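> To start, I am sharing the structure in question, which I have written as structure tokens.
Each value in this text was obtained by applying a stated rule to the coordinates, not by laboratory testing. Owing to the predicted nature of the structure, the values given are computational and were not obtained by experimental measurement. Note: ideal-geometry Cβ built from the backbone for every residue, glycine included; neighbour counts use all protein chains shown.
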Amino acid sequence: MSQTTTPESRSFPLPRQCPFAPPPEYGRLRAEEPVSKARLPTGGTAWLVTRYEDVRTVLSSAVFSADGTRPGFPTLLPGQAQVLQRPPFIRMDPPQHSFYRRMLIQEFTLKRIKTMRPGIQATVNRLLDDLLARTPPVDLVEAFALPVSSLVICQLLGVPYDDHEFFQSRSKVGVSGESTAEQFAAALGELRAYMDGLITRKQQEPGDELLSKLVTEHLEPAGELRRDELLMMCLMLLNAGHETTANMISLGTVALLEHPDQLAALRENPELLPDIIEELLRYLSIADLVTTRIAAEDTELSGTRIRAGEGVIALLAAADWDPAAFPEPERLDVHRGNRHHVAFGYGVHQCLGQNLARAELEVVFSTLFRRIPTLRVAVPVDELPYKHGNLAYGIHELPVTW
Amino acid sequence: MRITADTTVCISAGMCALTAPGVFDQEDDDGLVAVLLPDPPEELRETAAEAVRLCPSGALDIR
């Protein structure tokens, strides 16, 4: 039995026990207090929403605002408040949100992503050649998961990959639950300056990648985008593009190695690949803590009164482990036929890069286990350094051998 | 069956074209939803209905 907590003592984020399962308290809350208050690490409180249907309601209803500039918008990290003063468009409501998102969507359609697949495959092949030339154990995060996702997003945006150590280290500060507000501000300042310089270079010598297109088509004075808006948009894309996918690659690798029956099913029938990716997305729901909202008006959710101005956290992992939507949610099951998970969120803010993520994960998991059939984790999986308290869940380091 | 799309609401998540590729597509120029088969044949109706349910923005309607 998990221990009952009260709003006063329930401090968020709630602790995990098993690294591959959401915090056990989510299950009790879902059953007994589906909308429940918790204390946030940055001070203040927010409502935790744990049922699948409620999470979908919060994320698709205009009653729950994504506008990060509203006073009292819930934050989990000390530096977040600074970003929310001038937030990227993912922390805006329609119509502003749609205005910015529509500048980007042509670059993320299924057809566009399909054209990127040969490039992603070549990147994965090359990185695995390099990895196999090394003597194990090798850190799969540093040697594979991060470079795959960083190289792909750098190519799409037009960010020089040679700068990856710089922006990865600063982005890491931005998503870590252990960073102070000062560290966060310093990292953000450096990232802004970097992106500002890059925008200038694209103005002087535009190429054909996304950043150049945004500069030539949308930046003031010719376009409608202020320089600081473009800057935050690009930083958001760069961060979202490398951090989340890298976490899915590392965690997904361990999850598959821990479920040899699922890996065997995939090996026997490669056509199951898209299904196993959807199931891994549901099972891991790494963006659990990302979908924060604020009530724009008084409302009610599963019988609980929520007042205008109160923070709400739609817990994606709680929704994706709701037995009402996914029977026996603790089972990783490729045959589940699961497409309705909310791992990419729901509503108009659903992940812009979701089909790029799917493509990367398909190429990665179809290639990794074929090229390295004897791949295994070099340490007990319970001892891996998991990213507890980070906005996106993942693994810091993943030593593997073969 | 009659499927309609509101392109002023569409956010181009691509769930429709991913789930029911014969029924839905995304326009090349703006990335927004295109309904290829507003009245899909019997064998595509179930996946078409699923695609409508999965649409995150509520841009699709089915009658």
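> Cut-off 10 angstrom, C-alpha nodes, Gaussian network model of chain A. Which of A:Thr292, A:Thr135, A:Thr75 fluctuates the most?
A:Thr135
> May I have the extent of the alpha carbons of the protein assembly as shown along their three principal axes, as whole Å values ordered from largest to smallest?
On the principal axes, the protein assembly as shown reaches 60, 58, 58 Å in Cα extent.
> Please identify the helices of chain A, taking whole runs of DSSP H, that span at least 30 Å along their own axis as judged from the Cα atoms and have a mean Kyte-Doolittle score of 0.5 or higher.
Details: long enough: A:110-132 (32 Å, -0.12); A:181-204 (34 Å, -0.30); A:227-257 (45 Å, 0.83).
Both cut-offs are met by A:227-257.
> Tell me, what does the Kirkwood hydrodynamic radius of the stretch A:225-384 come to in angstroms if you use every pair of distinct C-alpha atoms? The partial results should precede the final answer.
Values: mean 1/r = 0.0565 Å⁻¹.
Mean inverse Cα-Cα distance, inverted, gives 17.7 Å.
> Follow-up question, since we're still on this one. Rg (Å, one decimal) plus Dmax (Å, integer) for the alpha carbons of the stretch A:128-259?
Cα radius of gyration and Dmax of the stretch A:128-259 are 16.8, 55 Å respectively.
> Can you give the net charge of the other residues whose Cβ lies under 14 Å from the Cβ of B:Val23, counting K and R as +1 and D and E as -1? Don't jump to the answer; show the numbers that get you there.
Values: positive: B:Arg2, B:Arg45, B:Arg53; negative: B:Asp25, B:Asp39, B:Glu42, B:Glu43, B:Glu46, B:Glu50, B:Asp61.
After counting each charged neighbour, the total is -4.
> What Kirkwood radius, in Å to one decimal, follows from the Cα pairs of chain B?
Working: mean 1/r = 0.0896 Å⁻¹.
Averaging 1/r across every pair of different Cα atoms and inverting gives 11.2 Å.
> How big is Rg to Rh over the stretch A:7-132, alpha-carbon atoms, Rh as the Kirkwood inverse-mean-distance radius?
Details: Rg = 19.7 Å, Rh = 18.2 Å.
Checking Rg against Rh, the ratio lands at 1.08.
> I'd like the antiparallel share, as a percent to the nearest 5, of DSSP beta bridges with both residues in the protein assembly as shown. Don't jump to the answer; show the numbers that get you there.
Values: 24 of 30 bridges.
Of those bridges, close to 80 percent are antiparallel.
> Could you bin all the Cα-Cα distances of the stretch A:111-152 into 5 Å bins starting at 0 and give me the percent of pairs in each, rounded to whole numbers?
Result returned by the calculation: 5, 23, 28, 20, 13, 6, 3, 1.
> Additional query: What does the charge dipole of the stretch A:35-149 about its Cα centre add up to, to the nearest 20 debye, if the Cβ of each Lys and Arg holds +1 and the Cβ of each Asp and Glu holds -1? Each step should come with its number before you reach the end.
Numbers: 15 positive and 9 negative charges, 74 e Å.
Here the stretch A:35-149 has a charge dipole of around 360 debye.
> Mind checking the stretch A:212-254 for trypsin sites (Lys or Arg not before Pro) that DSSP puts in a loop (not H, G, I, E or B) and that have at most 13 other Cβ atoms within 10 Å? Show your work: numbers first, answer last.
Details: sites: A:Lys213, A:Arg226, A:Arg227; in loops: A:Arg226.
Listed in order of number, the matching sites are A:Arg226.
> Please list the radius of gyration and Dmax for the stretch A:270-313, considering alpha-carbon atoms only, with Å as the unit.
Expressed in Å, the Cα Rg and Dmax of the stretch A:270-313 come to 16.7, 49.
> With loop defined by DSSP as not H, G, I, E or B, and exposure as at most 14 other Cβ atoms within 10 Å, which is the longest segment of chain A clear of exposed GluC sites (Glu not before Pro)?
Values: sites that count: A:Glu8, A:Glu178, A:Glu224, A:Glu258, A:Glu297, A:Glu330, A:Glu397.
In short, A:9-177.
> Given the C-alpha atoms of the stretch A:61-129, compute the convex hull and give its volume per residue in Å³.
Values: hull volume 11.0 nm³, N = 69.
About 159 Å³ per residue, rounded to a whole number.
> Helix-only estimate, please: 222 nm mean residue ellipticity of chain A, summing -39500 (n - 2.57) across DSSP H runs of length 4 or more and dividing by its residues, to the nearest 500.
Mean residue ellipticity, 222 nm, calculated: -14500 deg cm²/dmol.
> Amide H neighbours of A:Leu225 under 5 Å, at least 5 residues apart or on other chains, H built in the peptide plane: list them.
So A:Leu225 has HN proximity to A:Leu219, A:Glu220.
> Another question, then. Find, to one decimal place in angstroms, the Kirkwood hydrodynamic radius of the stretch A:208-286, where the mean of 1/r is taken over every pair of different Cα atoms and then inverted. Could the numbers behind the result be given before it?
Numbers: mean 1/r = 0.0651 Å⁻¹.
Roughly 15.4 Å, rounded to one decimal.
> Ok, one more. If you build a Gaussian network model of chain A, linking Cα atoms that sit under 10 Å apart, which residue out of A:Phe369, A:Phe144, A:Phe167 swings the most?
The residue that fluctuates most here is A:Phe369.
> Identify, among A:Leu316, A:Leu361, A:Val377, the residue whose Cα sits farthest towards the positive end of the charge dipole of the stretch A:300-385, taking +1 on the Cβ of Lys and Arg and -1 on the Cβ of Asp and Glu, with the dipole about the Cα centre.
A:Leu361
> Need one number for the stretch A:104-198: average projected area of the convex hull over its C-alpha atoms, nm². Show your work: numbers first, answer last.
On the way: hull surface 31.7 nm².
Average of the hull's projected areas for the stretch A:104-198 equals 7.9 nm².
> Please report the net charge: other residues with Cβ closer than 9 Å to the Cβ of A:Val55, K and R +1, D and E -1. Could the numbers behind the result be given before it?
On the way: positive: A:Arg51, A:Arg56; negative: A:Glu53, A:Asp54, A:Asp320, A:Asp322.
Counting the neighbours of A:Val55, the net charge comes to -2.
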